[in-house]
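Worksheet: one structure, shown below.
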Amino acid sequence: MNKKHLIEFLKTTGIQELRTFDSIGSTNDEALDWIDQGAPDFALVIADHQTKGRGRFDRRWITEPGSSLAFSLILIPTIQEKTNLPLFAPLCGLAIHDAFLSLLHLDSEIKWPNDILIDGKKCSGILVEAAWMDNEINGIVLGIGINISAESVPPLDLQLFPPTCLENRFKNPIDRYQVLQEVLKFIQIWRPLIGSKRFFSEWQRHLAFKNQNVMIMHSKKQSIIGIEKGIDEQGRLVLILEENQERAFEVGDVHLRPADQSLIGGKHA
Ligand code: BTN
């Protein structure tokens with residue numbers, strides 16, 4: 001990892017403290033440990049390579065050296081923020097969307113609740129975790145992985161949703177630390193707006209699969225198909241089911257996919 005280059009890009013970002021690793025198990029694990037040791041708000045853990053990168057639903061997240069961004073940002077939440085925990089993943093989604101737009105003029109989409117899609121393929125994943133102390137949340141970890149170059153795109157047999165990377169779209173190489181700088185900038189912009197009208201309307205505006213037939217997988221056995229109406233004021237995904245009935249799904253133990261997309265490798269996205 002070129003630490004000097006990284007630090008240049010972090011100068012304007014408000015990062016309070018930094019831990020960098022050439023190789024690590026998972027930046028989220030390191031960040032959770034750091035919170036226990038007293039990490040400040042807006043502290044950053046970043047690694048060039050992860051050997052035990054984790055995704056949602058205990059899935060693996062592969063980070064090959066030099067090819068992607070893998071970082072975990074620590075937030076020490078205010079009392080108000082603690083009431084909005086489920087909205088921190090979409091906050092990252094909005095920040096990544098806006099970063100791609102401002103830096104690359106690329107209008108990505110947010111697959112509810114929080115994957116980032118380019119041309120319908122997954123380019124970035126988000127894993128938000130909370131650190132607890134005596135039944136109180138004392139820190140939030142925003143874990144973000146962004147595929148930058150072709151080497152970051154995992155093999156098809158490990159795929160849960162068709163993957164892509166940023167450089168797929170552009171001829172010139174993309175500086176991953178510039179992408180990081182921009183994402184951090186937009187996290188700071190969106191943070192005070194979390195849960196606001198604007199927050200929900202922007203999330204809604206960039207939502208993937210709107211008005212399309214989608215399938216919600218509740219568990220390995222139960223799936224529900226409906227038309228994606230959008231999100232409600234609690235961030236739940238609203239589907240229109242048969243006979244025009246609406247049903248809202250909480251962010252949590254559900255998977256979303258377009259209804260006509262067959263399972264890849266028999267797994268859920
Ligand atoms: C997903 O799509 O399921 C979420 C993937 C999140 C991956 C990032 S990479 C940085 C951070 N460290 C981890 O172990 N996971 C997150």
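Here are some notes:
- Each Lys or Arg adds one and each Asp or Glu takes one away; over the other residues whose Cβ falls under 15 Å from the Cβ of residue 179, this sums to -3.
- For region 130-210: accessible area per residue (Å², 1.4 Å): 48
- Charge-dipole axis of the chain as Lys and Arg at +1 and Asp and Glu at -1 on Cβ define it, positive-most pick from 126, 178, 137: 178
- Element breakdown for region 38-176 at a 1.4 angstrom probe: carbon and sulfur atoms account for 52% of the accessible area.
- Look at the alpha carbon pairs under 8 Å that are at least 6 residues apart: their mean separation over the length of region 22-72 gives a relative contact order of 42 percent.
- Spin-label pair residue 210/residue 245, simplified geometry with 7 Å Cα→Cβ offset, distance in nm: 2.6
- Per residue, the accessible area of region 1-103 comes to 44 Å² when a 1.4 Å probe rolls over the protein heavy atoms.
- Cα shape, the chain, gyration tensor, a/c 1.5 rule: prolate
- Relative to the Cα centre, the charge distribution of the chain, modelled as +1 at Lys and Arg Cβ and -1 at Asp and Glu Cβ, gives a dipole magnitude of about 440 debye.
- Burial ranking of peptide ranges 9-17, 131-139 (average Cβ count within 10 Å, highest at the top): 9-17, 131-139
- Per residue of the chain, the DSSP helices (runs of n ≥ 4 H) give a summed -39500 (n - 2.57) that works out to -7000 deg cm²/dmol at 222 nm.
- Highest mean first, the peptides 83-89, 229-235 sorted by other C-beta atoms within 10 Å per residue fall in the order 83-89, 229-235.
- Separation of region 68-116 from region 26-45 is 18 Å, based on Cα centroids.
- Backbone geometry of region 134-149 corresponds, through the Karplus equation with coefficients 6.51, -1.76 and 1.60 at θ = phi - 60°, to 3J(HN,Hα) couplings of 6, 6, 10, 6, 10, x, 10, 10, 9, x, 10, x, 10, 6, 9, 9 Hz, x marking Gly and Pro.
- For region 34-167: rounded, prolate or oblate by the Cα gyration tensor [a/c cutoff 1.5]: prolate
The values are calculated or read from the model by the stated rules, or taken from the named source; none is laboratory data. Quick caveat, the model's predicted, so the values are computed rather than measured. With ideal geometry, Cβ positions are generated from the backbone for all residues, glycine too; neighbour counts draw on all protein chains shown. Protein only, heavy atoms only, side chains kept; ligands, DNA and RNA dropped before computing areas. Shrake-Rupley method; radii C 1.70, N 1.55, O 1.52, S 1.80 Å.
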